[in-house]
């Protein structure tokens, strides 16, 4: 009885910690995205001021670049496509090795002896 209660409590604590970690990752991704967006804004603004001739084109592309950088930062920190594709590639590499081992047969064949 005591072991069952302890195991249930342990599982509950682990699940709560996992949920908290996920929320922290989300908040960190949002913060990094906002910081990247602000930094991109400063850099692009000073670039636009330095390049008077192409100023209108740089200013027009600023929102798109900001959004792209924000998404890239969130994807890097949060659980994004990168981690999923990494998991997938590890799984496929493991499966490929397994299939190769199956296909290849024994590495050294025994010599046949004639009678």
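Every number here is computed from the coordinates shown, using simple stated rules; none is lab data. Note that this is a predicted model, so its numbers are computed, not measured. FYI the Cβ positions are ideal-geometry reconstructions off the backbone, even for glycines, and counts take in every protein chain you see.
Assorted remarks:
- Rg/Rh ratio calculated on Cα atoms of region 2-83 (Kirkwood radius): 1.36
- Stretchable slack from residue 60 to residue 3, in nm (0.36 nm times residue separation minus alpha-carbon distance): 14.1 nm
- Rough spin-label spacing in nm, given labels placed 7 Å along Cα→Cβ, for residue 68 and residue 20: 3.9
- Full-stretch length increase - residue 90, residue 13 - with 0.36 nm per residue and alpha-carbon distance subtracted: 24.8 nm
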